Amino acid sequence: MTEGDKTRLLAWDHELRTVHVRLRDALEVTRAALRTGEDAEPATRDLLLYCHGFCTALTGHHEGEDRALFPAIAAAHPELRDTLRALEQDHSMIGHLLSGLQAAVDRAASPAELARHLEGVAAIMESHFRYEERALLRVLEELALDADPREALGPL
């Protein structure tokens, strides 16, 4: 194994952490846009833009994990299949919450309603990220996956 190969193998844990940080930041930008536009009804253009970007990024991240990352982990570590199934169930739940948030944005719901949707997504997302990091970061340190990080972790 060359040093470059080792660096690529060790990068998956870093890639996951980086994506999670970016998604947390995107959520905070979306929350800030909501706070800025609290006096405006319907929702401001900034909120629509940030919410759409955040929802798209989070969905893309989970789709990449389900499509590329989790199957590679399951093949290398069959003992983690139950954990991966639980994470995929989280993805489904978060997708449902994001659909509700998007529907609220589309109908120009009140800032209070939008804030409730964002808080629900934030709570489940953070719980999911922490569980995923506890369960998978060590495995990702050694994962031999030859894939573009954007394909495996989403377009962030």
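Read-outs throughout are calculated quantities, based only on the coordinates presented, and are distinct from any laboratory measurement. This one's a predicted model, so the numbers in the text were calculated from it and none came from an experiment. Virtual Cβ from ideal backbone geometry, glycine too; neighbours counted across all protein chains shown.
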**Item:** Taking M93, M125 and counting other C-beta atoms within 10 Å, the order from fewest to most
**Value:** M93, M125
**Request:** Rank the residues D25, D82 as a footprinting-exposure proxy: fewest other Cβ atoms within 10 Å of their Cβ go first.
**Result:** D82, D25
**Prompt:** Cα gyration tensor of the stretch 53-94, axes a ≥ b ≥ c as square roots of the eigenvalues: rounded (a/c below 1.5), prolate (a/b > b/c) or oblate?
**Reply:** oblate
**Prompt:** Suppose R0 equals 35 Å; then what is the FRET efficiency for A123 and R81 from their Cβ-Cβ distance, rounded to the nearest 0.05?
**Reply:** 0.85
**Message:** Against the 2.2 N^0.38 Å scaling, with N counting residues, where does the chain land? I'd like the Cα-based Rg ratio to two decimal places.
**Reply:** 1.14
**Request:** Could you check the simple spin-label distance between E141 and A74, using points 7 Å along Cα→Cβ, in nm with one decimal?
**Result:** 2.6 nm
**Asked** Taking other Cβ within 10 Å of each residue's Cβ, how do I94, I124 sort, fewest first?
**Response** I124, I94
**Helix axis angle, 81-106 relative to the chain longest principal axis, alpha carbon, degrees** = 20 degrees
**Prompt:** Taking the Cβ of A104 as the center, what net charge do the other residues with Cβ under 11 Å away carry, scoring Lys and Arg +1 and Asp and Glu -1?
**Reply:** 0
